[in-house]
Amino acid sequence: MDAAALYSISYGLYVVCSGTGDKLNGQIANTVIQVSAHPPTLSVCINKENLTHKLITQSGVFTVSVLSQNAPLSFIGNFGFKSGRDTSKLDGINYKIGQTGAPVVLENAVAYFEVKVNHQTEVATHTDFIGELVAAEVLTKDEPMTYAYYHKVKKGTTPKNAPSYVEEKKIEGVSKMQKYQCSVCDYIYDPAAGDPENGVAAGTAWEDLPEDWDCPMCGASKDEFEKVD
Ligand code: FE
């Protein structure tokens, strides 16, 4: 079996939120699909170990914010590589409480949906939550982020508890400059690409990065990076 075939499936990139009252959380998901038109019905697959899974199970609702292509890596990293058990991921984020009582992230989003769960299916490590659309709004005309764009252009990575995670071999560089990989989130600093979102020009060697530069995905410091062989 060639697991690389799985890379040919197209996805979007979303912030999925749930919870009510003072227990709110959000996480990155790429597995949102519309499964029926009448009534409009959406589904999302969430890892059973995630806090969002617990909150959807308790509240019976979830919201989906469709990320814009302009969403910075640090914003995605906040929702994708941190646990809501350790940190309040919605602090400092522009969001509102929707009709369902669940938070809706408005920042870096082109549209959002609110969903009331009416079916759920256990699938190994994940639960597929399916429900009826109760609210939806278009927020901007920006291009939505695809998963391919996130990987190829934004150089983003996939946490190990995502359904689409495939163990990646470290990719051999075309450039001769040494690449370094974040030991927390697997982000690779490639001197050929630099880190333009944070003012680091393409062609900047690892040694020339300022000492206070940190991982654009997860915020880990420079000393948590390791050489890519
Ligand atoms: Fe990182």
> What ranking do Ser164, Ser59 get, fewest neighbouring Cβ atoms within 10 angstrom at the top?
Replying inline: Ser164, Ser59
> From the square roots a ≥ b ≥ c of the eigenvalues of the alpha-carbon gyration tensor of the range 85-215, which class results: rounded (a/c under 1.5), prolate (a/b over b/c), or oblate?
Replying inline: prolate
> Taking amide hydrogens as modeled 1.01 Å from N in the peptide plane, which residues meet the under 5 Å criterion relative to Ser68, leaving out close sequence neighbours?
Replying inline: Ala109, Val110, Met145
> Ranking Tyr187, Tyr147 by Cβ neighbours within 10 Å, fewest first, what do you get?
Replying inline: Tyr147, Tyr187
> Taking neighbour counts of Cβ atoms within 10 Å as a proxy for exposure, in what order, fewest first, do Val44, Val110 appear?
Replying inline: Val110, Val44
> What is the local net charge at Ala192, summed over the other residues whose Cβ is closer than 12 Å to its Cβ (Lys, Arg +1; Asp, Glu -1)?
Replying inline: +1
> How large is the dipole of the chain about the Cα centre if only Lys and Arg carry +1 and Asp and Glu carry -1, each at its Cβ, rounded to the nearest 20 debye?
Replying inline: 560 debye
> For Asp223, what charge total do you get from the other residues with a beta carbon under 11 Å from its beta carbon, if Lys and Arg give +1 and Asp and Glu give -1?
Replying inline: -3
>> Just want the answer: with Cβ charges of +1 for Lys and Arg and -1 for Asp and Glu, which residue in Val115, Phe81, Ala4 is farthest toward the dipole's positive end in the chain?
In response: Val115
> Nearest 20 debye, what's the magnitude of the dipole of the range 1-132 about its Cα centre given +1 on Lys and Arg Cβ and -1 on Asp and Glu Cβ?
Replying inline: 220 debye
>> Let me make sure I get this right: for the range 74-128, a, b and c are the square roots of the gyration tensor eigenvalues over alpha carbons, sorted descending. Under 1.5 in a/c it's rounded, otherwise prolate if a/b > b/c, else oblate. Which is it?
In response: oblate
> In percent, what relative contact order does the chain have, based on Cα pairs under 8 Å that are 6 or more apart in sequence?
Replying inline: 20 percent
> What whole number of Å gives the distance from the Cα centroid of the range 177-191 to the Cα centroid of the range 1-19?
Replying inline: 22 Å
> For the range 1-133, what is the per residue volume of the convex hull drawn over the alpha-carbon atoms, in cubic angstrom?
Replying inline: 126 Å³
> Hey, if you drop one equal point scatterer on each alpha-carbon of the chain and run the Debye formula without solvent, what base-10 log of I(q)/I(0) do you get at q = 0.13 Å⁻¹?
Replying inline: -0.78
>> How big is the dipole moment of the range 52-126 about its Cα centre under a simple scheme where the beta carbon of each Lys and Arg is +1, that of each Asp and Glu is -1, and everything else is neutral? Debye, nearest 20, please.
In response: 80 debye
> Do any trypsin sites (Lys or Arg not before Pro) in the range 65-160 lie in a loop, going by DSSP, with at most 14 other beta-carbon atoms within 10 Å of their beta carbon, and if so which?
Replying inline: Arg85, Lys141, Lys160
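Any read-out appearing in this document is the output of simple, stated calculations on the displayed coordinates, not a laboratory observation. Computed from a prediction, not measured in an experiment: that's the story for all the values here. Every residue, glycine as well, gets a Cβ built from its backbone with ideal geometry; the counts of neighbours run over all protein chains shown.
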